[in-house]
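S.K.: Here it is: the structure, laid out below.
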Amino acid sequence: MSMITEKKVNVGKVIRVMREAYNSANEVVSDCESRKITDNNFRDVRTTTDDWHWCGVESYEDAMNLMRHGYQPTVDKLKEQLKVSRMGDGKRISFENNIVGAVPVVPLAMMGVPNNMIDMRMKPIKCKVIDVYYDITSSAATSSEDIIANGQKILGAIMELERKGYRFNLYAVQAYYDNGSADMLTVKVKSASQPLDLKRMSFPLTHTAFFRVIGFDWYSKTPKGTYRPAYGRALAYELKESQLKEFGKQMFGDNAVYLTGVMVKKKDEEYLKGVLGNDR
C-alpha cells in the first residue's frame, strides 16, 4: 500500500510536493491496474503510446516482462564490472614486513634486519547506511540509451561502495514539476539489510520504460496528481546542483543523497562514489 504526503520545500524558491511512496514496483503496477485516469488530457500509456522505441520497449507487456525478469543488459554489464573490480584493490587483508608481527622471516632475523616479522593488515570496513534517492526524470529529448546509461552509472557506483562496506536504502524517483509544484513518485527498490539483487533493481533504476511507461501510467492515475502540459519538467532543469542537494535533505531527511539523471550524465563514476560515500 502506498503513502501519500504533501510537503512544502524551500530552496530559495518554494516547491509544493505531492509525494506517493511505495515499497515495491509491483505495488505501483497494482495501483495502476485498479485506478482510473484522473484528467482527459492524460494519454492512456497502455493503448495510445506513439513511439515505443522512445520508451525503450515494444509494448506495455514488454515493460511488464522487464519488471518481472529484470533488464539483462544492465545485469550482465554490472556483473562484468564486479568481476573486474574484484581483481583490483578490493582485498581487505595484506601482508608487509615490520618490526612486529606474528611470524618471523627467518633469513631477515638471522641477518639482524629490524623489519623481520610478517605483519598482517586489514582494511577497515565502513558501516555507513545512506539513503539514496535517484530521480530518473529527463526531458523528452533525452534518448532511451542515455537514460539507461545514467542508471547503470549510478548502480555501478553503489555496487562498488557496497563491496567496500557501505550499505544503502535505495529509492527510484520521478518528479513532474511546473509553476512551483510537483507530483513525485518514490519506490523503494533496496533496503540496507538486503544484498544487491541486480535483476530486481535493474529495471526501476536503469530502464527508460520504468519512467516513460510505468511512471506515466502512475502519473495519469495518482489520486492527488495534477495534469501539467507536456507532463511538466524535471526538477534538475529548474534547480541548481546546490539547490537539488538541499531539496533532498528537506524532502527525504538529513541522511539522504538526492541524485538526478540529468546530473549523472555530466559526472563520472568516481565523482558519484565520492558523493554517495559522503566524502565531500
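The values are calculated or read from the model by the stated rules, or taken from the named source; none is laboratory data. Since we're looking at a predicted model, the values are computed, not measured. Reconstructed Cβ throughout: ideal geometry from the backbone, glycine too, with neighbour counts over all protein chains shown.
S.K.: Among the residues of the range 76-96, which ones are modelled with pLDDT under 65 and either assigned to a loop (DSSP other than H, G, I, E, B) or in contact with a Gly (Cβ under 6 Å, 6 or more places away or on another chain) (or both)?
M.R.: MET87, GLY88, ASP89, GLY90, LYS91, ARG92
S.K.: With respect to the numbered conditions (1) of a type in the set (D, E, K, R); (2) within 19 Å of the chain's Cα centre (by Cα); (3) within 27 Å of PHE42 (Cα to Cα), which one is the sole condition not fulfilled by LYS245?
M.R.: All conditions pass for LYS245, except number (3).
S.K.: Inside the range 126-177, can you point out the residues that are touching a Phe, Trp or Tyr at 6+ places or on another chain (Cβ under 7 Å), of a type in the set (Val, Ile, Thr) and at pLDDT below 95?
M.R.: The answer is ILE130, ILE154, ILE158.
S.K.: I've got another one for you. Looking for something under 30 Å from GLU162 (Cβ atoms), more than 21 Å from the chain's Cα centre (by Cα), surrounded by 14 or more Cβ atoms within 10 Å (Cβ to Cβ) and at pLDDT below 80 - is there at least one such residue anywhere in the range 97-120?
M.R.: yes
S.K.: Starting from the range 55-73, take each residue that is buried (at least 22 other Cβ atoms within 10 Å of the Cβ) and list its partners that are charged (D, E, K, R), counting only C-beta distances under 8 angstrom and pairs at least six apart or across chains.
M.R.: Once the first residue is buried (at least 22 other Cβ atoms within 10 Å of the Cβ) and sits in the range 55-73, its partners that are charged (D, E, K, R) give CYS55/ARG212; GLY56/ARG212.
S.K.: Which of the residues that make up the range 239-255 are touching a residue at least 12 places away in the same chain (Cβ under 8 Å) and among the acidic types (Asp, Glu)?
M.R.: GLU241, GLU246
S.K.: Continuing with the same structure: Report yes if LEU272 is of a type outside the set (Val, Ile, Thr), surrounded by 21 or more Cβ atoms within 10 Å (Cβ to Cβ) and part of a strand (DSSP E or B), otherwise no.
M.R.: no
S.K.: Still on this structure, I have one more. Among residues belonging to the range 160-211 that are part of a loop (DSSP other than H, G, I, E, B) and among the small types (Gly, Ala, Ser), point out the one that is farthest from SER30 (Cα to Cα).
M.R.: GLY165
S.K.: Could you list, in sequence order, all residues of the range 129-159 that are of a type in the set (S, T, N, Q), more than 15 Å from the chain's Cα centre (by Cα) and in a loop (DSSP other than H, G, I, E, B)?
M.R.: Answer for the range 129-159, where residues must be of a type in the set (S, T, N, Q), more than 15 Å from the chain's Cα centre (by Cα) and in a loop (DSSP other than H, G, I, E, B): SER139, THR142, SER143.
S.K.: Looking only at the range 38-75, which residues are assigned to a helix (DSSP H, G or I) and of a type in the set (Asp, Glu)?
M.R.: Listed by number, the residues that qualify are GLU61, ASP62.
S.K.: Provide a single number: the residues in the range 1-37 that are in a strand (DSSP E or B), over 22 Å from the mean Cα position of the chain (by Cα) and either in contact (Cβ under 8 Å) with a residue 12 or more places away in the chain or over 19 Å from TYR176 (Cβ atoms) (or both).
M.R.: Of the residues in the range 1-37, 6 are in a strand (DSSP E or B), over 22 Å from the mean Cα position of the chain (by Cα) and either in contact (Cβ under 8 Å) with a residue 12 or more places away in the chain or over 19 Å from TYR176 (Cβ atoms) (or both).
S.K.: Let me ask something else about it. Mind listing whichever residues of the range 182-212 are in contact with a His (Cβ under 9 Å, 6 or more places away or on another chain) and of a type in the set (A, V, I, L, M, F, W, C)?
M.R.: Just the residues of the range 182-212 that are in contact with a His (Cβ under 9 Å, 6 or more places away or on another chain), to begin with: 199, 203.
Of everything in the range 182-212, just one residue is in contact with a His (Cβ under 9 Å, 6 or more places away or on another chain) and of a type in the set (A, V, I, L, M, F, W, C), namely PHE203.
S.K.: Next question. Is there a residue being surrounded by 12 or more Cβ atoms within 10 Å (Cβ to Cβ), at pLDDT 95 or above, of a type in the set (Val, Ile, Thr) and over 22 Å from LYS221 (Cα atoms) anywhere in the range 8-22? Let's see the steps before the verdict.
M.R.: Taking the range 8-22 and keeping what is surrounded by 12 or more Cβ atoms within 10 Å (Cβ to Cβ), we get 9, 11, 15-22.
So of that shortlist, the ones also at pLDDT 95 or above come out as 9, 11, 15-22.
Then keep just the ones that are of a type in the set (Val, Ile, Thr); that gives 9, 11, 15, 17.
Those still in the list that are over 22 Å from LYS221 (Cα atoms) too: 9, 11.
Yes, because at least one residue in the range 8-22 is surrounded by 12 or more Cβ atoms within 10 Å (Cβ to Cβ), at pLDDT 95 or above, of a type in the set (Val, Ile, Thr) and over 22 Å from LYS221 (Cα atoms).
S.K.: For residues in the range 225-258 being of a type in the set (Lys, Arg) and under 24 Å from VAL129 (Cβ atoms), which is surrounded by the most Cβ atoms within 10 Å (Cβ to Cβ)? Please lay out each step first, then the result.
M.R.: Initial filter on the range 225-258 (of a type in the set (Lys, Arg)): 228, 233, 240, 245, 249.
Narrowing further to those that are under 24 Å from VAL129 (Cβ atoms): 245, 249.
Numbers: LYS245: 18, LYS249: 15.
Filtering first and then ranking leaves LYS245.
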